[in-house]
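The values are calculated or read from the model by the stated rules, or taken from the named source; none is laboratory data. Treat the numbers as computed from the prediction; the structure is a model and nothing was measured. Using ideal geometry, Cβ is built from the backbone for each residue, glycine included, and neighbour counts are taken over all protein chains shown. Surface areas here come from the heavy atoms of the whole protein model, side chains and all, with no ligands, DNA or RNA. Shrake-Rupley method; radii C 1.70, N 1.55, O 1.52, S 1.80 Å.
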Amino acid sequence: MLHIDIDVLRTIGLNNLAAGHLAALDTTPTMRPMRIAAIHGEWMTVHDGHADRQARALPRLLTALADEEDALAVGDWVAVDDLDGEQWIALRAAPLTQVARRANDGRRQVLASNIDTALLVMGLDLDFNLRRLERYIAVVQSAGIVPVVVLTKADIATDVDEKVAEVQRRLPAGIAVLAINGLSGAAAAALQPWLGAGQTLCLLGASGTGKSTLTNTLTATLHDALNNTSNNAPATGMQETGGTRKGDGRGRHTTTARSLHRCAGGACIVDTPGLRTWRPDADEKTLAATFDDIAALAQHCQFRDCQHELEPACAVRAGVDPDRLANYHKLLRDARRGAQTPLDRIAERAKWKVIVKSVQRRQREKGR
């Protein structure tokens, strides 16, 4: 049975549920529990709560995960075996949660595993985009992850209060919204409720919003202590950050890979590269449930199967911001496309070609 030192592993995000999944693995006496902190091709950085090591995954594990259309990701809990002096990832504990998206060809891409809270980072400058923020919230909520909206660059924005109020009006009640200066220690104090021992957070947002800056602020105390006492710092060195680009006010993209970082209070943070597109990895019904305000109003529509588009007496159209409703419809369309097989997509393109040709033919006939 795998020996699990709860106190040590809690410093890299272990909680009781994850410990249960680790304990359920069919291990050998030589295996040790670790967490994936970074992935560099076939080599991965794993951490055991004391130090990081370089390891590779056994081919049989990669084959098994490929059969499940899954992949190892930063944040995974794994059992690592020492074989002839080399570290090999032999088993993976079933993830409690996964942040994932669908590529344009429908393939699933896991961004991070075993996440408790997603910090959805958006700048209070020219990056301010409520539609993108809504999509992030819907996707992480559908994965069972708590969203926290973090509005950065509050130190340079001129209309902070107005934008915070705008976000709060647009989003359902119950989602925390914080405006911070990512360079200030006050940011760590504001986020303290989500930084307890055994918690894992993921930073999500577009390039240049200040995710790496915020990561550095939240991990600064531990980083300084480790530098002063040991060379065994985890795969969590200070993140490189860029300045602000001229012209659009946005920061420069600096993070190029996902990585796990430790905070002084025992929490862990997964920083991610900027996401330009994020097609949901959830079905239509699950995503629809994340727009609870729309679901509540839909009970009062005149028609039970109202699609909230052109139907008369639609309570949703009357009570929801039109831009939020349009975003809702787009998210559901993306979910339907994500669920399609390649043959389904071919059939849909063929159907629309027929429809377009039919419309063009009628227009030509009217012009005669």
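Structure above, values below:
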{"item": "³J(HN,Hα) computed for each position of segment 158-174 - Karplus, 6.51 cos²θ - 1.76 cosθ + 1.60, integer Hz, glycine/proline x", "result": "9, 10, 4, 4, 5, 6, 4, 4, 5, 5, 5, 5, 6, 8, x, 5, x"}
{"item": "Å² of accessible area per residue within segment 38-166, as computed with a 1.4 Å probe and no ligands counted", "result": "41"}
{"item": "Residue-by-residue Karplus 3J(HN,Hα) for segment 18-33, coefficients 6.51, -1.76, 1.60, Hz, glycine and proline x", "result": "5, 4, x, 5, 5, 5, 7, 6, 8, 9, 10, x, 8, 7, 10, x"}
{"item": "For His261, distant residues with modelled amide H under 5 Å away", "result": "Ile269, Val270, Asp271"}
{"item": "Around Arg324: net Lys/Arg minus Asp/Glu count, Cβ-Cβ under 14 Å", "result": "+1"}
{"item": "Cut-off 12 Å between beta-carbons: net charge of the residues surrounding Gly266, Lys and Arg +1, Asp and Glu -1", "result": "+1"}
{"item": "Overall form of segment 133-229 per C-alpha gyration tensor (a/c, 1.5; a/b vs b/c)", "result": "oblate"}
{"item": "Hydrodynamic radius of segment 34-114 per Kirkwood, over alpha carbon pairs, in Å", "result": "13.0"}
{"item": "Carbon + sulfur, % of accessible area of segment 99-229 - ligands and nucleic acids excluded, 1.4 Å", "result": "49"}
{"item": "Charge sum, other residues only, whose C-beta stays under 12 Å from Val177's C-beta, Lys/Arg counted +1 and Asp/Glu -1", "result": "+1"}
{"item": "Computed lengthening from Asp7 to Ala197, 0.36 nm per intervening residue step minus Cα-Cα distance", "result": "67.4 nm"}
{"item": "Protein-only accessible surface order, largest first, of Trp77, Trp352 at 1.4 Å", "result": "Trp352, Trp77"}
